[in-house]
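Participant: Quick one: structure below, then a few questions.
The values are calculated or read from the model by the stated rules, or taken from the named source; none is laboratory data. Treat the numbers as computed from the prediction; the structure is a model and nothing was measured. As a convention, Cβ positions derive from the backbone with ideal geometry for all residues, glycine included, and neighbour counts pool all protein chains shown. Keep in mind that these areas ignore ligands, DNA and RNA; they rest on the heavy atoms of the full protein, side chains included. Shrake-Rupley method; radii C 1.70, N 1.55, O 1.52, S 1.80 Å.
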Amino acid sequence: QVQLVESGGGLVQAGGSLRLSCAASGRTFSSRTMAWFRQAPGKEREFVAGISWLNGYRVYADSVKGRFTISRDNAKNTVYLQMNSLKPEDTAVYYCAATSSVVITGRVEYDAWGQGTQVTVSS
């Protein structure tokens, strides 16, 4: 079972940038599809971005397209989320997740989750 630890959250002004990191333990990282989710207060958790282990294919939520970029470094067992042009509505706890599926969204079970990192964007 892979274990995930997020870092890089914080407080930033609107229009600013942050880079989140998710370090994974275990030997199976390179064969895991990775994703970022977020949950704002009073709202359901939502998918933000994902990257397939098979071919590096990426999927983004419409709300972050053109502003966020997901990437992975298999040598470092780490997945990143570069967040630019941040908006107050991006404020949430961001979670890293992993699945053995090659599919990123839909009927996919993410079976490993990090503890989350808080991102707060001030207006």
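Okay, residues lined up against (1) among the β-branched types (Val, Ile, Thr); (2) surrounded by 18 or more Cβ atoms within 10 Å (Cβ to Cβ); (3) not in a loop (DSSP other than H, G, I, E, B):
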{"position": "Val12", "(1), (2), (3)": "yes, no, yes"}
{"position": "Arg19", "(1), (2), (3)": "no, no, yes"}
{"position": "Ser30", "(1), (2), (3)": "no, no, yes"}
{"position": "Trp36", "(1), (2), (3)": "no, yes, yes"}
{"position": "Gly42", "(1), (2), (3)": "no, no, no"}
{"position": "Ala49", "(1), (2), (3)": "no, yes, yes"}
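Participant: If you check every pair at least six apart or on different chains, which have Cβ atoms under 7 Å apart with a residue in the stretch 13-40 that is more than 22 Å from Ser101 (Cβ to Cβ) and modelled with pLDDT of 95 or more first and a residue that is in a loop (DSSP other than H, G, I, E, B) and open to solvent by 50 Å² or more (accessible area, probe 1.4 Å) second?
Facilitator: Filtered contacts from the stretch 13-40: Ala14/Lys87; Ala14/Ser123; Gly15/Ser85; Ser17/Asn84.
Participant: If the requirement is being in contact with a strand residue (DSSP E or B) (Cβ under 6 Å, 6 or more places away or on another chain) and not charged (D, E, K, R), which of these qualifies: Ser85, Ser122, Ser100?
Facilitator: Values: Ser85 fails: in contact with a strand residue (DSSP E or B) (Cβ under 6 Å, 6 or more places away or on another chain); Ser100 fails: in contact with a strand residue (DSSP E or B) (Cβ under 6 Å, 6 or more places away or on another chain).
After ruling out the rest, the residue left standing is Ser122.
Participant: Among the residues of the stretch 53-68, which ones are closer than 15 Å to Cys96 by Cβ and either in contact with a helix residue (DSSP H, G or I) (Cβ under 7 Å, 6 or more places away or on another chain) or among the polar types (S, T, N, Q) (or both)?
Facilitator: Trp53
Participant: Give the stretch 86-111 a look and list any residue that's among the aliphatic types (A, V, I, L, M) and modelled with pLDDT of 95 or more, or say none. Spell out the reasoning first.
Facilitator: Taking the stretch 86-111 and keeping what is among the aliphatic types (A, V, I, L, M), we get 86, 92-93, 97-98, 102-104, 108.
Result: Leu86, Ala92, Val93, Ala97, Ala98.
Participant: Which one is most open to solvent (accessible area, probe 1.4 Å) among residues in the stretch 66-75 that are more than 18 Å from Arg32 (Cβ to Cβ) and outside any strand (DSSP E or B)?
Facilitator: Ranking the candidates gives Gly66 first.
Participant: Report the residue count in the stretch 76-123 for those that are touching a residue at least 40 places away in the same chain (Cβ under 8 Å), among the small types (Gly, Ala, Ser) and outside any strand (DSSP E or B).
Facilitator: Here the count works out to 6.
Participant: Restricting attention to the stretch 48-60, does a residue exist that is modelled with pLDDT of 95 or more and in contact with a Cys (Cβ under 9 Å, 6 or more places away or on another chain)?
Facilitator: Scanning the stretch 48-60 turns up no residue that is modelled with pLDDT of 95 or more and in contact with a Cys (Cβ under 9 Å, 6 or more places away or on another chain).
Participant: Taking the stretch 62-82 as the region of interest, how many residues are among the small types (Gly, Ala, Ser), at pLDDT 95 or above and more than 11 Å from the chain's Cα centre (by Cα)?
Facilitator: Going through the stretch 62-82 one residue at a time, the tally reaches 2.
Participant: Quick one: count up the residues across the stretch 9-28 that are within 15 Å of Arg72 (Cα to Cα) and within 15 Å of the chain's Cα centre (by Cα).
Facilitator: Number satisfying all stated conditions: 6.
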